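Here the structure comes first, spelled out in structure tokens, and everything after it is commentary.
The values are calculated or read from the model by the stated rules, or taken from the named source; none is laboratory data. This one's a predicted model, so the numbers in the text were calculated from it and none came from an experiment. Here the Cβ positions follow ideal geometry from the backbone for every residue, glycine too, while neighbour counts run over all protein chains shown. Calculation scope for accessible area: heavy atoms of the full protein, side chains included, ligands and nucleic acids excluded. Shrake-Rupley method; radii C 1.70, N 1.55, O 1.52, S 1.80 Å.
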Amino acid sequence: MGARVTLRSVAAAAGVSTAAVSYAFNRPDRLSPEMRSRILAVAREVGYAGPDAAARSLRTGRANAIGVIFTTGLTYAFSDPYVLDLLGGLAETLAHSRTSLVLIPFAPVVAGLSDAEVRESLDAVHRAVIDGAVADGLTDDHPAVRALSERSLPLVRSSDTEAGRCVLIDDRQAGREIGRHLADLGHREVAVVVSSPGEPGRAVTPADEAALYPYSRHRLAGIREVLPAGARVRVVGGGNNADTAGRIAAAALLAASDRPTAIAADSDVLAAVAVEVATAQGLRVGQDLSITGFDDVPLAAATGLTTIRQPIHEKGRLMARMLLDPDNTPNRLILPTELVVRSSTGPVPNR
């Protein structure tokens, strides 16, 4: 195996100083365009890809990178409209400071994993070369949160916490808005479909609710608070908040002999799939069955969903700002939400 190509090797081959090679990769404004092009061409010829990020981080104390903890799988991150909008907000702010985004996977469900499996997920958190991190929907006792704390890395979350910084919405109040809207329309048989680590379509018991994401618990509590006495609320798992899981959950609810008159879904993705399943069964959404979503992503308007609008892009932008400029940003921000009423909800039908 040949000798390792270094910055010094490139400098010797190009007949320039090591500082000039460093400027070519890190400070192009310090060189003329012609000089930088020549150095980069020589670097390619000798097989030099650029300065080692980890080594540079050790020297400077900064990685110029922010981590994003995902507990839903990395492929999901590129298909879910909420996650894409959040990443867009993060990237918009980070781009101004030439800071990178590092996606860090973590096992979706910690309960039931062996110690070795948890360690494997934690290894990705420990090895990440980052200056701080963003976590969506993780609690204080989550292993990834504890691991970042042990590394003394700043963390911003989208769920309420007394132990760190957060940018959030009032999920409980948003749940009240949904519950009040359905109650005003006369609905007393309401099913709530929540993102859940369990099997989609299965009933979520009160004991199971403790394992739900914090935002799901708060939204569910808000809905229950405002429905009138005697109203029935059943909770069903929507799996990993994807189309396939949502179809299973919606089909299970609509197959019941005592199907609900309204479905309040934890996201627009789950709600839109419920509209699709109900329509395929000949039900008129907004007349025979009411359905609500959450987030107001683009597919909500296209589907005619009544939903809660939250500023997802702004949430990501502010989370990044908290990490980049901690001295000039608050520790806790609550962003406003809005109930958007469309055609997917209507008065309770006569049966």
Check: Restricting the search to the stretch 196-240, which residues are closer than 22 Å to residue 308 by Cα, in contact (Cβ under 8 Å) with a residue 60 or more places away in the chain and in a helix (DSSP H, G or I)?
Finding: 214, 215, 219
Checklist line | Scope the stretch 125-147; condition open to solvent by less than 20 Å² (accessible area, probe 1.4 Å) and either closer than 16 Å to residue 72 by Cα or modelled with pLDDT under 80 (or both); matching residues | finding: 125, 134, 135, 137, 138, 143, 144, 145
Margin query: If residue 248 satisfies all but one of (1) under 24 Å from residue 86 (Cα atoms); (2) of a type in the set (Val, Ile, Thr); (3) open to solvent by 20 Å² or more (accessible area, probe 1.4 Å), what's the number of the condition it fails?
Written below: (1)
Margin query: Condition first: part of a strand (DSSP E or B) and either open to solvent by 70 Å² or more (accessible area, probe 1.4 Å) or closer than 28 Å to residue 243 by Cα (or both). Now tell me which residues in the stretch 148-195 satisfy that.
Written below: 157, 167, 168, 169, 189, 190, 191, 192, 193, 194
Next item on the list: State all residues of the stretch 327-351 that are within 21 Å of residue 164 (Cα to Cα) and either open to solvent by less than 60 Å² (accessible area, probe 1.4 Å) or of a type in the set (Phe, Trp, Tyr) (or both); if no residue qualifies, say none.
Entry: 329, 333, 335
Checklist line | Selected residue (criterion: modelled with the lowest pLDDT) from residues of the stretch 1-46 that are open to solvent by 60 Å² or more (accessible area, probe 1.4 Å) and within 30 Å of residue 127 (Cβ to Cβ) | finding: 1
Item checked: Selection from the stretch 300-310 of residues that are surrounded by fewer than 21 Cβ atoms within 10 Å (Cβ to Cβ) and either aliphatic (A, V, I, L, M) or free of Cβ contacts under 8 Å to residues at least 40 places away in the same chain (or both) -> 301, 302, 309
